[in-house]
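Data first, discussion second: the structure below is written as structure tokens.
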Ligand code: ITT
Ligand code: NA
């Protein structure tokens, strides 16, 4: 089964493709605008983006994700993309200087729009901690400063395969795939 994906982030495509492959779901990047409204809810952001996709002959997905840091009351959360571009990993570590509670959660919401216009949301979470310093060069965004629970490595020290064992995005993708497979079987 082929599914369009609309994102400007090539790392997302790589991670999602790898997670979906075992289910026989293949992603096809589509050059369309991803409308990004400002909201405190990832669900709302993903939903509105899916609603604004052009009419398509195949299922299509958009994803919205964010890093929620407990000691910062959930910041940067839905503003993660902007926070990454402005203060980056260094700025986040600065905000966390001297903070002992380093718990954080990555959240992902995938919105699937079917050709009939119906929209379905799938979620995934990865709990972990904000590290004391940047580690690793893989991945993207806040990967160098996030270590998922159960691992000694940050996301940036992992291969895509390893990151997908823990990541919010891979979990959301597997939820999506299970739904698509169930539906295909009738
Ligand atoms: P698109 O909107 O085009 O899909 P984006 O990178 O802007 O791509 P988001 O709007 O979902 O994606 O922004 C989420 C931001 O949160 C992203 O830019 C990263 O800084 C951060 N982020 C999300 N998932 C991440 C991950 O798996 N690893 C590291 N940082 C992540
Ligand atoms: Na974005």
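Tabulated data
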| quantity | calculated |
| --- | --- |
| Members of region 110-138 found to be surrounded by fewer than 23 Cβ atoms within 10 Å (Cβ to Cβ) and within 16 Å of ligand 2 (Cβ to nearest atom), listed by number | none |
| Every residue from region 104-147 that is closer than 15 Å to residue 71 by Cβ and out of contact with any strand residue (DSSP E or B) (no Cβ under 6 Å at 6 or more places or on another chain) | 132 |
| Test: residue in region 39-50 that is touching a helix residue (DSSP H, G or I) at 6+ places or on another chain (Cβ under 6 Å) and either within 17 Å of residue 176 (Cβ to Cβ) or within 16 Å of ligand 2 (Cβ to nearest atom) (or both) | yes |
| Strands (runs of 3 or more DSSP E) within region 97-186 that include 2 or more residues more than 12 Å from the chain's Cα centre (by Cα) and within 11 Å of ligand 1 (Cβ to nearest atom) | 146-148 |
| Checking residue 92 against (1) in a helix (DSSP H, G or I); (2) closer than 30 Å to residue 51 by Cβ; (3) more than 16 Å from ligand 2 (Cβ to nearest atom), the condition it does not meet | (2) |
| Odd one out for residue 32, checked against (1) within 14 Å of ligand 2 (Cβ to nearest atom); (2) in contact with a helix residue (DSSP H, G or I) (Cβ under 9 Å, 6 or more places away or on another chain) | (2) |
| Cross-chain or 6+ apart pairs with Cβ under 7 Å, region 125-140 first and in contact (Cβ under 8 Å) with a residue 60 or more places away in the chain, then away from ligand 2 (no atom under 16 Å from the Cβ) and part of a strand (DSSP E or B) | 130/69; 130/104; 130/146 |
| Every residue from region 53-83 that is out of contact with any strand residue (DSSP E or B) (no Cβ under 7 Å at 6 or more places or on another chain), closer than 21 Å to residue 123 by Cβ and within 16 Å of ligand 2 (Cβ to nearest atom) | 79, 81 |
| Check on residue 154, in contact with a helix residue (DSSP H, G or I) (Cβ under 9 Å, 6 or more places away or on another chain) and without any contact (Cβ under 8 Å) to a residue 40 or more places away in the chain | yes |
| Region 19-31 - residue that is within 15 Å of residue 112 (Cβ to Cβ) and out of contact with any strand residue (DSSP E or B) (no Cβ under 8 Å at 6 or more places or on another chain) and, of those, surrounded by the fewest Cβ atoms within 10 Å (Cβ to Cβ) | 23 |
| Extreme residue, surrounded by the most Cβ atoms within 10 Å (Cβ to Cβ), among residues of region 1-18 that are in contact (Cβ under 8 Å) with a residue 60 or more places away in the chain and within 13 Å of ligand 2 (Cβ to nearest atom) | 12 |
| Near pairs, Cβ below 9 angstrom, 6+ apart or cross-chain, from region 88-100 (without any contact (Cβ under 8 Å) to a residue 40 or more places away in the chain) to any residue that is in a loop (DSSP other than H, G, I, E, B) and surrounded by 16 or more Cβ atoms within 10 Å (Cβ to Cβ) | 88/142; 95/75; 96/102 |
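Values quoted throughout were computed directly from the atomic coordinates according to the rules given, and no laboratory measurement underlies them. Computed from a predicted model, the values in this text were never measured in an experiment. Heads up, the Cβs are rebuilt from the backbone with ideal geometry, glycines too, and the neighbour counts pull from every protein chain shown.
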